[in-house]
Amino acid sequence: MVKPAADAKNEGFFKKLAEEHECGICYELLYQPVQLAPCLHIFCGGCLSDWFGKQQDCPNCRKEVKTVTKSFQALTMISMLLDMKPDLKRSDDMTRELEAKNIFKTDIYEVKPKVEPPAQP
Ligand SMILES: [Zn+2]
Ligand SMILES: [Zn+2]
């Protein structure tokens, strides 16, 4: 009897892991991941920078965002995943583009509260 390959199991594991670390904006594996607080959703720094140019809420759950923190935990998982599955890696052009638009250069970025327009009399 041929054993179902352990590889198939691994494939499933890596697929799941990749799905868990998918950016909700570009639907690719996270690049320079940043985590929002308090909702804890994670996106690529570059993708979220684009979004924040328009509005400063979470693209996934639309909750108010207080801080954007570099996610070193996600980064570790992603680099492990890419070691095993190099085909998930993005092209250099894509990573360069994401790096260029990433506004989250500090470990923690505090979102300034929006200034409300003065009430009309
Ligand atoms: Zn992204
Ligand atoms: Zn969220």
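Okay, here's what the table says:
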read-out: Selection status of Ile103, among the hydrophobic types (A, V, I, L, M, F, W, C), more than 16 Å from ligand 2 (Cβ to nearest atom), at pLDDT 95 or above and assigned to a helix (DSSP H, G or I); value: no
read-out: Flag for Leu75 being out of contact with any helix residue (DSSP H, G or I) (no Cβ under 6 Å at 6 or more places or on another chain), more than 11 Å from ligand 1 (Cβ to nearest atom), aliphatic (A, V, I, L, M) and in a loop (DSSP other than H, G, I, E, B); value: no
read-out: Cβ pairs under 7 Å, 6+ apart, first in segment 40-63 and modelled with pLDDT of 95 or more, second of a type in the set (Lys, Arg) and within 14 Å of ligand 1 (Cβ to nearest atom); value: Gly46/Lys101; Ser49/Lys101; Asp50/Lys101
read-out: Conditions (1) more than 25 Å from Asn10 (Cα to Cα); (2) assigned to a helix (DSSP H, G or I): number failed by Leu82; value: (1)
read-out: Qualifying residues in segment 64-88 (those that are charged (D, E, K, R) and either within 16 Å of ligand 2 (Cβ to nearest atom) or within 11 Å of the chain's Cα centre (by Cα) (or both)) - the one nearest to Lys16 (Cα to Cα); value: Lys70
read-out: Filter result (under 25 Å from Val115 (Cα atoms) and surrounded by fewer than 16 Cβ atoms within 10 Å (Cβ to Cβ)) within segment 64-80; value: Glu64, Lys66, Thr67
read-out: Residues of segment 39-63 classified as under 16 Å from Asp107 (Cα atoms) and either more than 8 Å from ligand 2 (Cβ to nearest atom) or surrounded by 21 or more Cβ atoms within 10 Å (Cβ to Cβ) (or both), total; value: 7
read-out: Sole exception among (1) under 29 Å from Lys15 (Cα atoms); (2) more than 12 Å from ligand 1 (Cβ to nearest atom); (3) not in a loop (DSSP other than H, G, I, E, B) for Met94, by number; value: (2)
read-out: Among the residues listed as Leu17, Leu36, Leu30, Leu88, the single one being modelled with pLDDT under 95, touching a Phe, Trp or Tyr at 6+ places or on another chain (Cβ under 9 Å) and of a type outside the set (Ser, Thr, Tyr); value: Leu88
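The values are calculated or read from the model by the stated rules, or taken from the named source; none is laboratory data. Worth saying up front: this structure is predicted, and the values here are computed from it rather than measured. So basically every Cβ, Gly included, is an ideal-geometry build from the backbone, and we count neighbours across all protein chains shown.
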